[in-house]
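Okay, structure first, notes after.
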Amino acid sequence: MFNNLEILNNKHTRQQILKLIILTFKYDNIKDLGYQKYSFFYNHIYQVIQIKDKNIIRTLFQQLINQDKIKKIKNQKKVYYMFDPYICYKKTVNFNYNGVVTYD
């Protein structure tokens with residue numbers, strides 16, 4: 001479907017592929033499946049772009065993490081990921097000892 005060099009070199013093509021991956025993840029309701037291993041996302045990204053190059057799939061996956069579309073948690077020694085395209089911003093919560101909660 002896509003050429004390997006085209007994905008690596010052309011930023012516009014990479015952005016289109018990321019949009020396509022996000023749309024297919026939304027269509028498949030992957031958010032409802034909760035936290036999954038990397039291999040789950042690897043297989044789904046492979047189904048979208050039809051390229052079996054591990055480096056390309058990993059860079060696309062890492063870009064989704066950098067865009068905050070995928071959340072990452074560690075459970076003991078294992079790492080799990082969850083697709084959540086509806087995260088708009090990160091909000092920190094501060095708890096004071098007097099019982100007042102403030103949002104930054």
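Any read-out appearing in this document is the output of simple, stated calculations on the displayed coordinates, not a laboratory observation. None of the values given here were measured: they were computed from a predicted structure. Cβ atoms come from the backbone with ideal geometry, glycine included; neighbour counts cover every protein chain shown.
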- line: Subtracting the Cα-Cα distance of TYR27 and ASP53 from 0.36 nm times their residue separation yields 6.9 nm
query: Which value, in nm² and rounded to one decimal, describes the direction-averaged projected area of the C-alpha convex hull of the stretch 4-84?
result: 5.1 nm²
- prompt: Of all trypsin sites (Lys or Arg not before Pro) in the stretch 34-66, which ones are in loop regions per DSSP and have a Cβ with at most 13 other Cβ atoms within 10 Å?
  reply: LYS37, LYS52
